[in-house]
Structure formats: structure tokens, C-alpha cells
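Below is one structure, written out as C-alpha cells, with a few remarks after it.
Since every read-out is calculated from the coordinates, none of them should be taken as a lab result. Note that the coordinates shown come from a computational prediction; the quantities given were computed from them, not determined experimentally. Here Cβ is always computed from backbone atoms with ideal geometry, including for glycine, and neighbour counts include all displayed protein chains.
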Ligand code: MBD
Ligand code: FE
């Protein structure tokens, strides 16, 4: 690959992810204040887990100080959104999924940006004039748990480019690239024209990448589309869709794949690929 740009730095995308997270906290409802009882209960359990690990693994003073240095580095690199979404969010999602019907959810991840361009179906996501990648037609219908079409549905979609980079988090990709909020028709049907994303690699030059390297793990997520599917009167679904046969599907570093969330695109004969996927929303 001959890159015509410098690679985005981990610190640069970490910083953007931290800013995006802060902005989402100040505009969105942050829910009710957490009670003293809840703080005590959850944090006591969390600390007990850390204490148990220290005893079980006989963690040394040197290792404790290395951990302290590491956590400082994660913060200074702006990588708290990345590392928490990669290693922790999938369990929070599992718990949320216990009470969710309809299409399976998956983690939000650190690269969502609100307020993207609104498009009507059939929609073509914004892309560069020389955008690389295989053309993908992604179509389907949004229905409720009874099978009825959901009018007024919208699909907030964002994904990486053919090199695995997200707009807003890699300086060489224009703002809004491969992002959009697509309004489905009055039958909940949608058609989105975009390109297939590539797998995503955790930046290797920051603390999250350093940990993965130090532990001998791999830094990859399988190629995926991110979606939030919403409609008035329904519970919003935050999910991701993957590609059958894609690399890293069975070893996602973020543990966020589910069998129900794998797309099976077919070649359309003209070098393009097409796939349908229907979403089910529950009232809420
Ligand atoms: C991603 O693209 C992503 O979706 C998650 C969950 C974590 C890191 C990068
Ligand atoms: Fe992602």
C-alpha cells in the first residue's frame, strides 16, 4: 500500500475520541444521578476483583507501579474511550441485551459522532471522489416485533474506509466521510449505497496497542458497519454488522461479534456487492 498521507497517530485519534465523548455527555441526558448506595456497592465489588487478582497472581510492587504508570499513560494518550470500549463495553452490552427484544445489539465503540448529514432513501453515504473499496448496496426494512413496517425509522450509520480509518478520527479523512443518518421510507424500507469497510486495527503507537503487544494478543476487529436504528415510540438499537468470511470474525479484539449480526453479501456481477438485512425494533 502506498499511503499518500502520514498514518494517524494514536494520540490524535484518542484525543478526538475523548472530545467526542465529552460532547456527547454534555448534550445527551446523562440519566439520574448515581446514588451513594449504588456507588458503594459497585465500586466495592470492582475493588474486590482487583484485590483478588493481586492476591491470586501475587502482583509485585514493581508490577503495581508499572500498572500505575500504564493507567497514567492511557489518560495522557486520550485512550480511555478506546480501551474501555475495546475491553469492557461488550459486557455492559450483554447486560443491556438481557432486556432487549428484536435485532441483537452490539457495542457503540469510540467513533460515533452525532448530527451527521441527513439523507433520504435511497441514500449514498458521503465519500471522497477517489474513495477506494468495493461498492456495497445495503438494503432492508425496519419492522416492529409483530412484523409490521415501522414508518419514520432512521438508520444512523458510520464505518471505516477501505484502509480501516474513521472520519473524525484520522486527519486525512474528510469530516462526515462514510457517515450519515438515512431516513427509511413510509414502509421502513431503506437502501444505502456505500463501500465495504476494511478490518480495524487498534493503533499500535499508543498505550492500548502497547498492552496488546505486551500481552501477545492481536489488535484487530473484523470489518464492520456501525448502526443506530431508531424510530419514534421504539427502543433504539445500537449494533454492528459484520461480513461472512471476514478476517478476525472469530477473534474480535473487542469481543463484539454475534452470529445474528453477520451479513452475507453477494456479487452482483458488475464488481459490486449487495446485501439485505432487516431490523426489528421493540416498542419502548
Ligand atoms: C472500533 O472501530 C470499534 O468499533 C470499537 C468497538 C473499538 C475500537 C475501534
Ligand atoms: Fe468500529
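Values computed for the structure shown
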| quantity | calculated |
| --- | --- |
| Residue that is touching a helix residue (DSSP H, G or I) at 6+ places or on another chain (Cβ under 9 Å) and more than 16 Å from residue 110 (Cβ to Cβ), where the choices are 210, 170 | 210 |
| Conditions (1) in contact (Cβ under 8 Å) with a residue 24 or more places away in the chain; (2) closer than 20 Å to residue 222 by Cβ; (3) out of contact with any helix residue (DSSP H, G or I) (no Cβ under 6 Å at 6 or more places or on another chain); (4) within 16 Å of ligand 1 (Cβ to nearest atom); number of the one not met by residue 88 | (1) |
| Test: residue in the range 256-269 that is surrounded by 21 or more Cβ atoms within 10 Å (Cβ to Cβ) and closer than 24 Å to residue 84 by Cβ | yes |
| Breaking point among (1) away from ligand 1 (no atom under 12 Å from the Cβ); (2) within 15 Å of the chain's Cα centre (by Cα), for residue 108 | (1) |
| Looking only at the range 220-241, and only at residues there that are farther than 18 Å from residue 164 by Cβ and without any contact (Cβ under 8 Å) to a residue 60 or more places away in the chain, the one that is nearest to ligand 2 (Cβ to nearest atom) | 236 |
| Selection within the range 90-113 - within 16 Å of ligand 2 (Cβ to nearest atom) and either outside any helix (DSSP H, G or I) or in contact with a strand residue (DSSP E or B) (Cβ under 9 Å, 6 or more places away or on another chain) (or both) | 93, 105, 106, 107, 108, 109, 110, 111, 112, 113 |
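This table checks each residue for (1) within 16 Å of the chain's Cα centre (by Cα); (2) away from ligand 1 (no atom under 16 Å from the Cβ); (3) outside any loop (DSSP other than H, G, I, E, B).
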position: 146; (1), (2), (3): no, yes, no
position: 151; (1), (2), (3): no, yes, no
position: 155; (1), (2), (3): yes, yes, yes
position: 165; (1), (2), (3): yes, no, no
position: 174; (1), (2), (3): no, yes, no
position: 180; (1), (2), (3): yes, yes, yes
position: 186; (1), (2), (3): no, yes, no
position: 190; (1), (2), (3): no, yes, yes
